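Comments concern the structure below.
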Amino acid sequence: MFLLNMILPQPPTITHQSPKDFIIDPREDIVIHCEAKGKPHPSFSWTRNGTHLDIDKDPKVLMKPRSGTLVLDISGGERAEEYEGVYQCSAHNELGTAVSNSIILRQSRSPLWSKERISPIIAQKGQSLILHCRPPAGLPPPIIFWMDNNFQRLPQSRRVSQALNGDLYFSNIQPEDSRSDYICYARFPHTQTIQQKQPISVRVISLTVIVSDNPVDEREPVFMVPSESVSSTVVLRGEILEMECIGLCLAVMSLIEIPSGRASFLNFSKTLRITDVSEADAGEYRCIANNHHGSVHHTIRVTVNAAPYWISAPRNLVLAPGEMGIITCRAAGHPKPSIRWLMNGLPIENAPRDPSRSVEGDTLIFSEVQTGSSAVYQCNASNEYGYLLSNAFVNVLAEPPRVLTLPNTLYGGLHDGIVFTRFKDSMLEGNAYVFHENGTLEIHMSHPSNSGKYTCVARNSLGLSENHVYLEVKEPTRILRPPEYREVQRSRDVVFECKAKHDPSLVPSMTWLKDDGELPDDERFRVDSDSLTITDVTESDAGTYTCIINTTLDQDSASAQLTVVEALPTPAVIYEQPGAPTDLELTDLVARSVQLTWTPGEEHNSRIKKFLIQYEDALHQSGVWHNLTEVPGTKTTAHLKLSPYVHYSFRVLALNNVGFSRPSMPSRQYRTSPAAPDENPTEVKGHGTEHNNLVITWKPLTPQQANGPGLQYKVMWRQQGIETYWTSVSVANVSKFVVSGTPTFVPYEVMVQALNDYGPGPKPGAVIGYSGEDFPSAAPGDVRVLVLNSTLAEVRWSPVPLESVRGRLQGYKVPLSSHHGQKTHYFPHTMLCVCVPVPSAPSFFKVSTFDLDSLMLEWGPPYERNGRLTGYTFKYQTVNSKNDLGLLEELDLPSNQSSFTLHNLPHSTRYKFYISARTQRGAGPMLTEEAVTVLDRAMVSPQVDIATQGWFIGLMSAIALLILILLIICFIKRNKGGKYPVKEKEDAHGDPEIQPMKEDDITFGEYR
């Protein structure tokens, strides 16, 4: 390309220019750039406000040599505003004129705030408040922020936030908001100056008198900004669109249907920002504020217009005499831009007429061009929002071709064709050859048969040029037997092999490296033609050995590890766990990864198999170490993938055949920056607990998955097939949200998206859930009963309409009534077969004594006869002391009998009795009893030993305790000379027949 510029003529091309809207700092010299290239080198001129700028008349205006860049010297006190205006640069040579954009030069302005006296503001707790900023108009507009007297930013929250116009909004002011230094600052970015408004004093009071029926947090939400229900805005394609909704009260803000990827929520979800706006972003946006008292929404109608942008910008055209070509200038925008052509800076309609040129809208058509047709054409595409200006030259050349050996590019006035030949002018063809447009020949998978002489031939009507290339293809150099891992005892010898193949015409050389450096200068290291031998190995010889085979064309390499273990005097080798790794170092610190390196500890006669890398998160789980990854024992470095918003510390453990080493000392802490979540909650479900609600549940993210502070969940739902827009709400770090007021049992599409202070997670997938169920509103009809036989009947009915089910149809409840009672069955179908069962067991069964050798049995009829009773089945058998059963006797008793007596039974014999009721369907369940005959009585089982019963033991213990207490009392009375109660009673009655004995002989008196 350099050779082309030095030899061939070329019209001017603008290579660098100042921006269209050029705002300058009035404290510095003004530099307006205009650089261009061409052959011959172009000259430059300027216009200001459409009039030629005579640089020589103003000594403060200079133009750089061989450049069109203007330097306006205002260091002497000149006012920059005197040089404001619209500048345009022209670069011309004998082939044409190129022009720059129209550069609007304006000085930046950072005016002071007007002096004002701001009265202190007294606000009632719970009310809304707006602190107006109203900064002075600057160029460019200032950046607004609120701080205090100590230049500390004022904290903002869902309750306190700054609007896009710079005002500070309090949706629910509290006593802690009282302060005297609310200061609005305006920073003018171009001059880096900051202006401040007078401090605003705010005092919040709490009134004991109730001035409103509802406290602020008990009212329906209302928007502070915007005030109307519908607003509209216009934004240009490619710009940033910002929309805001600031609600009164503690309301949850959400937006419906936002573009993914380029959209983000700011200012605690009160502001929606969409970057790189496109026409697809036009439409209606709704922001919603809701709480448990209600909701309010605002609709923003967005119109997207577009300044002109290129679809196909004009491109330079190089033609030979007699050729044809076109220059296309296609631009889009809204409104549609108009296309205007210029030639050498003049409107094309005023340019000299050229019969080879015609204009058709956005296309210039050239046919049968001549050498004098070279020129620079400008295309101007403009609408009310801006313009595009592009230069494209037509260069008509009549030059013979030239072949440039580096990089084999053809330059010539006539590009009729390039031909490659080989040997005796035979044309190259076939899939093995790839011909590039610039004349380069590419051969895939070269082979020795491709060796030879290649000729590149370029020709046109003015001449011919050739270039010869000699190609010789060699066999590649490859290592056939690379060195292998070796573990050797100290003082032994070790050999690494390295056998390779190469082209016979090339002379190879073998080089050995240890740990990527030269081999030690030690006679123990011997390098042969295809091997490396190390004798009398020591611990310092351990490391990585690399074999490199070099030729003049290529090379190949392979590496192997050498491990030196302790030589033991006896075969009984004692292996130990490896020593702890040391010297942990973190490098290549980026947002999501880090490089960790370490020094291995002692192997203790057993090769390290792998390293285990663990991490601690001091932010979320301090003191808990988690496994992160493993690397082979031959490596001492690892590239670790990290998560955002984690305070990492790392440690390394080594593993050999004995076990793990002690952990290394922790690395220095590395704190990854927060980011938006990478994933959304799982196990998202929707179900109803009431007939008019939908409960949305999900599995929350862990602190490590949150990726940043302020984790919230955006819960979205819409009725499937009915609603087009999603309704959404952002909730705190919980796992459930209840949607009230839903229709009964209808399907909903549900999504839950994670978001934090740094943005939303990926777009979630929708799951289907149903709102709550209600009782069915209709009962089955057309109930029919068909008796099939004496024990089977069929019940049929018509199903209810699906819309009346109002839930998932689980089945039909079928109560069955008979003279024995009522039963209820549940069936999922519309038919039921009723089977009549056998009777239930007798209502009671007891055995009692009738005589010394007889037992009487009594029973009651079953509660559920389930048909007509045909009788009772009665069975009995003896039971011996080992609980072995004797021969079973069976009797059939009529249905009207309720007692039976067994006579002539042996005494002291245990019997087991069975009884069951019977119908034609069969016998029902049995009742059992046991009894024992004795000489004078029969004891109905269960037989128990009274001496072992708890109540008997307790009774005997109580009697013994009472006797003991009485003895103690009497002993005390005797010692005191008193009288026991019986003696006192006898003395009171004075019965002469009672003769007490001497107290020295006995304790108790006696009755005669």
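Points worth noting:
- PRO135 more than 28 Å from ASN291 (Cβ to Cβ) and either open to solvent by 20 Å² or more (accessible area, probe 1.4 Å) or outside any loop (DSSP other than H, G, I, E, B) (or both): yes
- The listed residues are SER895, SER916, SER881, and the only one of them that is polar (S, T, N, Q), modelled with pLDDT of 85 or more and outside any strand (DSSP E or B) turns out to be SER895.
- Residue ID - modelled with the highest pLDDT, chosen from residues in the stretch 919-948 that are more than 24 Å from ASP884 (Cα to Cα), of a type outside the set (A, V, I, L, M) and in a strand (DSSP E or B): THR919
- Restricted to the stretch 158-206, the set of strands (runs of 3 or more DSSP E) holding at least 2 residues that are in contact (Cβ under 8 Å) with a residue 60 or more places away in the chain comprises 160-162, 179-188, 193-196, 200-205.
- Residues of the stretch 138-152 that are open to solvent by 70 Å² or more (accessible area, probe 1.4 Å) and in contact with an Asp or Glu (Cβ under 9 Å, 6 or more places away or on another chain): ASN149, ASN150.
- Selection from the stretch 275-292 of residues that are closer than 28 Å to VAL739 by Cβ and among the β-branched types (Val, Ile, Thr): ILE288
- Qualifying residue in the stretch 393-404 (condition: within 25 Å of LEU553 (Cα to Cα), of a type in the set (Lys, Arg) and modelled with pLDDT of 65 or more): no
- Hey, PHE44 modelled with pLDDT of 90 or more, surrounded by 13 or more Cβ atoms within 10 Å (Cβ to Cβ) and within 21 Å of TYR387 (Cα to Cα) or not: no
- Scanning the stretch 635-653 for residues that are under 30 Å from ILE574 (Cβ atoms) and modelled with pLDDT under 95 returns LYS635, THR636.
- Number of the exception - GLY68 against (1) more than 30 Å from ALA320 (Cα to Cα); (2) surrounded by 20 or more Cβ atoms within 10 Å (Cβ to Cβ); (3) out of contact with any Phe, Trp or Tyr (no Cβ under 7 Å at 6 or more places or on another chain): (3)
- Of all residues in the stretch 456-500, those satisfying the criterion of being in a loop (DSSP other than H, G, I, E, B) and among the basic types (Lys, Arg) are LYS474, ARG490, ARG492.
- In the stretch 351-373, the residues that are touching a Leu at 6+ places or on another chain (Cβ under 9 Å) and either open to solvent by 20 Å² or more (accessible area, probe 1.4 Å) or modelled with pLDDT of 95 or more (or both): ARG357, SER358, THR371
Residue-wise test of (1) under 17 Å from PHE845 (Cβ atoms); (2) surrounded by fewer than 17 Cβ atoms within 10 Å (Cβ to Cβ).
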residue: TYR872; (1), (2): yes, no
residue: GLN877; (1), (2): yes, yes
residue: ASN880; (1), (2): no, yes
residue: ASN883; (1), (2): no, yes
residue: GLY886; (1), (2): no, yes
residue: LEU893; (1), (2): yes, no
residue: GLN897; (1), (2): yes, yes
residue: PHE900; (1), (2): yes, yes
residue: ILE915; (1), (2): yes, no
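- Checklist (1) in a loop (DSSP other than H, G, I, E, B); (2) under 29 Å from VAL222 (Cβ atoms); (3) open to solvent by less than 40 Å² (accessible area, probe 1.4 Å) applied to PRO155, failing item: (3)
- Output for the stretch 580-598, where each listed residue is open to solvent by 60 Å² or more (accessible area, probe 1.4 Å) and out of contact with any Phe, Trp or Tyr (no Cβ under 8 Å at 6 or more places or on another chain): ASP588, VAL590, ALA591, ARG592
- Checking SER667 against (1) open to solvent by less than 30 Å² (accessible area, probe 1.4 Å); (2) part of a loop (DSSP other than H, G, I, E, B); (3) closer than 30 Å to PRO760 by Cα, the condition it does not meet: (3)
- For GLN577, the conditions (1) open to solvent by 40 Å² or more (accessible area, probe 1.4 Å); (2) in a strand (DSSP E or B) all hold with the exception of (2).
- Residues located in the stretch 357-390, provided they are among the hydroxyl-bearing types (Ser, Thr, Tyr) and not in a strand (DSSP E or B): SER367, THR371, SER373, SER374, TYR385
- Matching residues in the stretch 680-702 - criterion: being touching an Asp or Glu at 6+ places or on another chain (Cβ under 8 Å) and open to solvent by 50 Å² or more (accessible area, probe 1.4 Å): HIS691, LYS699
- Matching residues in the stretch 480-516 - criterion: being surrounded by fewer than 17 Cβ atoms within 10 Å (Cβ to Cβ) and among the β-branched types (Val, Ile, Thr): VAL495, VAL507, THR511
- Tally, over the stretch 737-786, of residues that are assigned to a strand (DSSP E or B) and touching a helix residue (DSSP H, G or I) at 6+ places or on another chain (Cβ under 7 Å): 1
The values are calculated or read from the model by the stated rules, or taken from the named source; none is laboratory data. Not measured: the values here are computed from a predicted model. Reconstructed Cβ throughout: ideal geometry from the backbone, glycine too, with neighbour counts over all protein chains shown. Remember, those area values only see protein heavy atoms, side chains included, never the ligands or the DNA or RNA. Shrake-Rupley method; radii C 1.70, N 1.55, O 1.52, S 1.80 Å.
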